[in-house]
Each structure stands twice: as C-alpha cells, then as structure tokens.
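No lab work stands behind these numbers, since they all come straight from the coordinates. All values reported here derive from a predicted model rather than from experimental measurement. Cβ atoms come from the backbone with ideal geometry, glycine included; neighbour counts cover every protein chain shown.
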Amino acid sequence: MEIRIYNCKDVELPFICRNVAVSFKRDLAEFTAYSPMFGEGYVVEFENKIHAVSELLGIAPEAQKLKDIINGLHASIDGLIDPINRLKGYVQLSKDSVPLSLTDFGVTPLRKKISLKDAKGIFEALQLVNENLQKYKPQLAAQGMTNTLMSVFAAATKTVTENYEQHKILSKRREQIINNIGMLNALYRQLMEILSVGKILYKGKKPEKLLEYTFAEVKTRTKNELLSKHLY
C-alpha cells in the first residue's frame, strides 16, 4: 500500500489542483513553449485526475448534506444538557420506584459521550435512556416528568441515528481513500510537475505569477476559500 506523499488534507488536494489549473490553462502557451509535453492532452489528463479524486472524496452536494447533518447533531446534543439535568433529578426523586443508578439508566453515559462528541456512544446511550423512559414512565411522571421532556430525547435519538448512519458511510469512504491513495499521489505528482515548471518560468520575472505556482501559497488561499464556503 502506498504512503500519502502530499502535505495537505485529502479534501484540500483537488481544490488546490483546481486553483492551479486555472493559472496553468491561462499560461498554457508559455508552458508549451518551454516544453511540448504541456499540451492540451496534458491539461485533459490533469483535469481528469482532479475529477476522479473529487469523486473518490465525495466532493459534491452530498458533502454539504453530510455537513448539515453533523451540524444538526451538534445542535441536538447541545440542546440536551438541560433535559439531561432535569431527567437526572427525576430519576433521583423516584428513589426505589426506579431501581436503577444514573449509569444504568443511561444518564451518566449519555453525558460523557456528549462531552466527547462520540456519535456512536451518544446513539447507544440514547437508546438506553429511551428504553428506560418508556419502562419507568409512570414512576417518573409521578415526580413531574412530562411528555414534552420525554419527546426531547426521542427527537434527539432520531437525529443521532441519522448522523450515525452517515458516519458509517464516511468510514467506508475513508477506507476507499486509503485503498486508492495512489490516485491522490498521482494527482499530487502532476501538480508538483506543473508547479516546478511554473517556478522556472516566473521566478525572478513575474513574482505575482510565481505565487500562483507556490504550493504553500496556493494551499493557504485554498484553505481560506474552503473555510469561507463552510466546506470544512
């Protein structure tokens, strides 16, 4: 298995290459004058690699959908802090009528997993909490537990379940990336080839263009663009 050779995040690589491709196509005549290898076929090859890596990484509307789901999860679990505190109080007030510790009821594990932002752990803890809410509903209601409060945990479970399923998809995608790391490395090698010739053409002559063929500079600009578009 190949080792990744690029010094950036996986998701950044195709965006970096797209930015360089804009400059490269603009300056193609100068590149071709330097070496005939930089013809239209070279451009097509580069763009095809960018497209293939983008597909592998899932850079598409689906990526924004996944981000929205994750944001929904965080909003949901952040909203559970007060309901958890209230549930804890009702369980304690119930005393022997609810013969479970806060850990066995699921309250303590849920708080711990929320602090860790552990989607799988939150999912499992919520399942346990909801089971016990149904099982001991009369006893908790006698202490003041309302249907509205119970519905908060049910709604959170739905959101977390959706997120958990997406996490499984992302985990599978991560495995696919690892198994196809050679594809990303090949794109990076071609990127470095373009950047190296760009430096030859513009170093000491056109500093503004040189920046467009400097990896660190393009990486920083690309990262800022991704952050501004909330694609991280």
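Modelled label-to-label distance, residue 35 and residue 199, 7 Å Cα→beta-carbon offset: nm?
Distance between the two pseudo-spin positions: 1.4 nm.
Using label points projected 7 Å from each Cα along Cα→Cβ, tell me how many nm separate residue 220 and residue 74, to one decimal.
Using points 7 Å along Cα→Cβ, the separation is 2.5 nm.
Give, rounded to the nearest 20 debye, the magnitude of the charge dipole that the stretch 116-232 has about its Cα centre when Lys and Arg contribute +1 at Cβ and Asp and Glu contribute -1 at Cβ. Walk me through the intermediate numbers first.
Numbers: 19 positive and 11 negative charges, 101 e Å.
Around 480 debye, computed over the stretch 116-232.
Rounded, prolate or oblate: pick one for the stretch 65-164, where a ≥ b ≥ c are the square roots of the eigenvalues of its C-alpha gyration tensor, a/c under 1.5 means rounded, and failing that, prolate if a/b is larger than b/c, else oblate.
Numbers: a/c = 2.32, a/b = 1.92, b/c = 1.21.
Note, shape of the stretch 65-164 comes out prolate.
Hey, rough spin-label estimate for residue 142 and residue 9, points 7 angstrom out along Cα→Cβ, what's it come to in nanometres?
5.2
In this model, which of 25/206; 49/117; 88/113 are farther than 23 Å apart at the alpha-carbon?
Beyond 23 Å between Cα atoms: 49/117.
Compute the orientation-averaged projected area for the chain from the convex hull of its Cα atoms and round it to one decimal in nm². Numbers along the way, then the final one.
Numbers: hull surface 62.8 nm².
Over every viewing direction, the Cα hull of the chain projects on average to 15.7 nm².
Report the calculated FRET efficiency for residue 186 and residue 22 (r = Cβ-Cβ distance, R0 = 25 Å), to the nearest 0.05. Mind showing how you got there, number by number?
Values: r = 20 Å, r/R0 = 0.82.
That pair, residue 186 with residue 22, gives E of 0.75.
Once phi is turned into ³J(HN,Hα) by the Karplus curve 6.51 cos²θ - 1.76 cosθ + 1.60 with θ = phi - 60°, what whole-Hz value does each residue of the stretch 21-27 show in order, with x for glycine and proline?
With coefficients 6.51, -1.76 and 1.60, one gets 4, 4, 5, 4, 5, 5, 9 Hz.
Test of understanding: express the Cα radius of gyration of the stretch 130-209 as a ratio to 2.2 N^0.38 Å, with N the residue count.
Values: Rg = 27.9 Å, N = 80, 2.2 N^0.38 = 11.6 Å.
Taking N as the residue count of the stretch 130-209, the ratio is 2.40.
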